[in-house]
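Please read the structure below before turning to the comments.
Just so it is clear, none of the values below were taken in a lab; they were calculated from the coordinates. What you are looking at is a predicted structure, and each value in this text was computed from that prediction instead of being measured. Note that each Cβ is placed from the backbone with ideal geometry, even for glycine, and that neighbours are counted across all protein chains shown.
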Amino acid sequence: MKLNNIYNEDCLDTMSNMPDNYVDLVVTSPPYNNWRNKRTQANKEDYWNRTNINYDNFSDKMTDDDYEQWQIKVLNEIHRILKPTGTLAYNHKDRIFNFECTSPLTWLLKSDLVYRQRITWDRGGMQAFNNVRFYRNEEDIYILGKNAKGFTWNKDQAKHMSIWKIIPERKNGHPAPFPKEIPDRLIKAFTNEGDLVYDPFMGSGTTAKMAIENNRNYIGSEISEKYYKQTLEGLFA
């Protein structure tokens, strides 16, 4: 397994080539499978075109059961490759369909990982506003690991507390990029220089960029050839 490299492939293929207890930190945000939020009314077409996320060659249209089983499979592979001192930071949000809310904890708690904390990412607003409820302007970053204690932790980072008000990245070729402050804070909190950071859904490469800036090694997986090429151009331009 080559360090400081992004693999244009499914993350399960990448992780299958990693030994056990290999990675210090996983920072990622998988596709949310929110395709059923689409407004089918004619007067909502413009709204949907503005707010829908399209992931190039990934349709993100699974059944709830298939999506949950896929995520559990990914999470359990992350558990295998994580060091006992390692951490997973998993960005996701509640899914609402037909007025019923499903939390990512539904599948996170079925994985082999230990749930340690939730960070609230206050985005300062949300495009997909709907006045039928108190609409959320935040997402969640779930902190998990192989163990409940004994993980790498740089306590000076506790200053950020558990609610992070960070404006989303807008000027980026990817439909749902991380703002750089998120992986930057996570890398500084849960790793030391020279440690290995992995992102199984690399997207626009923000996790890799922050690993480089903080003198960490990185590995990424990105299934889209388009985003893969864009990330390489951005990293090594």
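Using a simple spin-label model with points 7 Å from Cα along the Cα→Cβ vector, what separation in nm is obtained for Lys188 and Met161?
Calculated label separation equals 1.7 nm.
Quick one: net charge around Asn147, please, counting Lys, Arg +1 and Asp, Glu -1 for every other residue with C-beta under 12 Å from its C-beta.
Values: positive: Lys83, Arg116, Lys146, Lys149; negative: Asp112.
For residues surrounding Asn147, the net value is +3.
Counting other beta carbons within 10 Å of each Cβ, put Cys101, Cys11 in order, fewest first. Walk me through the numbers on the way to the answer.
Details: Cys101 10, Cys11 23.
Ascending Cβ contact count within 10 Å gives the list Cys101, Cys11.
Which of Leu108, Leu82 comes first, and how do the rest follow, when ranked by fewest Cβ neighbours within 10 Å? Spell out each step's value before the answer.
Numbers: Leu108 19, Leu82 27.
Ordered by Cβ neighbours within 10 Å, fewest first: Leu108, Leu82.
Give me the distance between the Cα centres of region 178-237 and region 9-27, rounded to whole Å.
14 Å
Determine ³J(HN,Hα), in whole Hz, for all residues of region 75-81 in sequence, where each value follows from phi through the Karplus function 6.51 cos²θ - 1.76 cosθ + 1.60 and θ = phi - 60°; x replaces Gly and Pro.
4, 5, 5, 4, 4, 5, 7
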